[in-house]
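What follows is a single structure, written as structure tokens, with notes after it.
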Amino acid sequence: MLDSDKLYELIGDRIRQIREAQTPRMSQGDLARILGLQRTSVTNIERGKQKPTLDTLLRLCEHFALEIDALVPKLREVSVIDARSVVVGGKRQEVGAKTASLLSSLRPGARARG
């Protein structure tokens, strides 16, 4: 399952890194002018609070001579596993569904699965 909050946080972080890597360091206002946005929109995009449009991402790629994959994370980076809460060593932990099933089968009194 896609974690869209994580997706836009990572995109925003990558945009900020690209902007800050410029020499001299590019301001949010300068980037906003390049992208045709308000400075506050750039701030919100970098914080993952505003979703950039596809044309905004492509304008950024065009300006910095980047491919879109420089901005968009891999699916595995923004996927949420089906987590289950289990207690291990007296502490609650989130683990994947397969691990939770295995741990359940190892509990005393659990039936053997065939």
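The values are calculated or read from the model by the stated rules, or taken from the named source; none is laboratory data. Note that the coordinates shown come from a computational prediction; the quantities given were computed from them, not determined experimentally. Quick reminder, even Gly has a Cβ in these numbers, built from the backbone with ideal geometry, and neighbours come from all protein chains shown.
Structure notes:
- Region 47-72 residues that are in the same structural domain as ARG19 (by TED's automatic domain parsing), paired with ones that are of a type in the set (A, V, I, L, M) and in a loop (DSSP other than H, G, I, E, B) (beta carbon under 8 Å, 6 or more apart): THR56/LEU37; LEU57/LEU71; LEU57/VAL72; LEU60/LEU66; LEU60/LEU71; CYS61/LEU71
- Looking across region 50-83, the residues that are hydrophobic (A, V, I, L, M, F, W, C) and either more than 13 Å from ILE18 (Cα to Cα) or not in a helix (DSSP H, G or I) (or both) come down to LEU54, LEU58, ALA65, LEU66, LEU71, VAL72, LEU75, VAL78, VAL80, ILE81, ALA83.
- Of all residues in region 1-27, those that are modelled with pLDDT of 95 or more, polar (S, T, N, Q) and part of a helix (DSSP H, G or I) total 1.
- The residue of region 32-49 that is nearest to the chain's Cα centre (by Cα), among those that are farther than 14 Å from ASP13 by Cβ and part of a helix (DSSP H, G or I), is SER41.
- Of the residues making up region 22-59, those that are hydrophobic (A, V, I, L, M, F, W, C) and under 14 Å from LEU71 (Cα atoms) are ILE45, LEU54, LEU57, LEU58.
- Pick from region 63-89, criterion modelled with pLDDT of 70 or more, acidic (Asp, Glu) and surrounded by fewer than 11 Cβ atoms within 10 Å (Cβ to Cβ), ranking: farthest from the chain's Cα centre (by Cα): GLU67
- Given (1) part of a loop (DSSP other than H, G, I, E, B); (2) exposed (fewer than 15 other Cβ atoms within 10 Å of the Cβ); (3) at pLDDT 70 or above, index of the condition ARG92 fails: (1)
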